[in-house]
Each structure stands twice: as C-alpha cells, then as structure tokens.
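Each reported figure results from applying straightforward, stated rules to the coordinates on display, with no laboratory input. All of these numbers come straight from a predicted model, not from anything done at the bench. Note: ideal-geometry Cβ built from the backbone for every residue, glycine included; neighbour counts use all protein chains shown.
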Amino acid sequence: KNMEERDVVVVDPMLATGNSAVAAVTRLKQLNPKSIKFLCLLTCPEGINAMHRAHPDVPIFTAAIDRELNDHGYILPGLGDAGDRIFGTQ
C-alpha cells in the first residue's frame with residue numbers, strides 16, 4: 001500500500017548469480033516504490049553484472065566483492081552457503 005511513497009531496501013547475504021535478486025527487484029518494481037536499493041554482505045562480478053543488466057537503476061551496496069563464481073554458482077573464495085550458515089543445515 002502506498003509504495004510510491006516508500007523507499008525499499010532489498011537485503012540478501014550474498015549476491016552470487018543474481019537470479020534471486022533480479023527476480024525480487026522485478027517483483028518490487030511492479031509496486032512502483034519511490035526507490036529501490038540492494039544490500040548484501042558479499043558479491044562477485046557475475047552477480048553485479050546480472051543486476052546491472054536487469055536493473056541498472058538499482059544501486060548495490062556491499063561489504064566485499066570476491067573474485068568469481070564456481071561451476072555450482074558459489075562465490076569464490078566466499079563464505080560457504082549463506083543458508084547453511086544461517087540455519088546450520090550443514
């Protein structure tokens with residue numbers, strides 16, 4: 001409700017492939033917020049490029065940019081799987 005008057009900050013621990021972030025921002029844009037910013041702890045060039053291609057108007061704020069993704073879509077050197085770390089599943 002009244003999103004056109006609201007600033008939105010999308011928060012994700014890691015921006016890896018960018019697929020989830022792109023989908024989330026795409027959905028939020030349907031609500032016409034005043035602005036959208038993306039915040040993450042760690043990212044890589046591939047994730048940044050994916051977000052910039054899909055949403056060049058959304059700034060990315062991050063603590064660190066690691067060197068690359070591996071074949072499984074994990075950031076290298078990275079921190080491991082964020083979900084596993086948060087929920088202790090591995």
Give the relative contact order (percent, whole number) for the range 3-70; include only Cα pairs under 8 Å separated by 6+ residues.
38
If you restrict to DSSP beta bridges whose two residues both lie in the chain, what percentage is antiparallel, to the nearest 5?
15
What are the principal axis extents of the Cα atoms in the range 3-70, in Å, biggest first?
38, 19, 16
Under the definition of Cα pairs under 8 Å and six or more residues apart, what whole-number percent is the relative contact order of the range 31-90?
30
Return the long-range amide H neighbours of Ile36 (sequence gap of 5 or more, or a different chain), with a cut-off of under 5 Å between placed amide H atoms.
Val8
So how tilted is helix 19-29 from the main axis of the chain? Cα-based, degrees 0 to 90, rounded to 10.
10
Rounded FRET efficiency, nearest 0.05, which uses the C-beta distance separating Arg6 from Phe61 and R0 of 25 Å:
0.90
Per-residue HN-Hα couplings for the range 42-53, Karplus 6.51 cos²θ - 1.76 cosθ + 1.60 at θ = phi - 60°, whole Hz, x for Gly and Pro?
9, 8, 8, x, 5, x, 4, 4, 4, 5, 5, 5
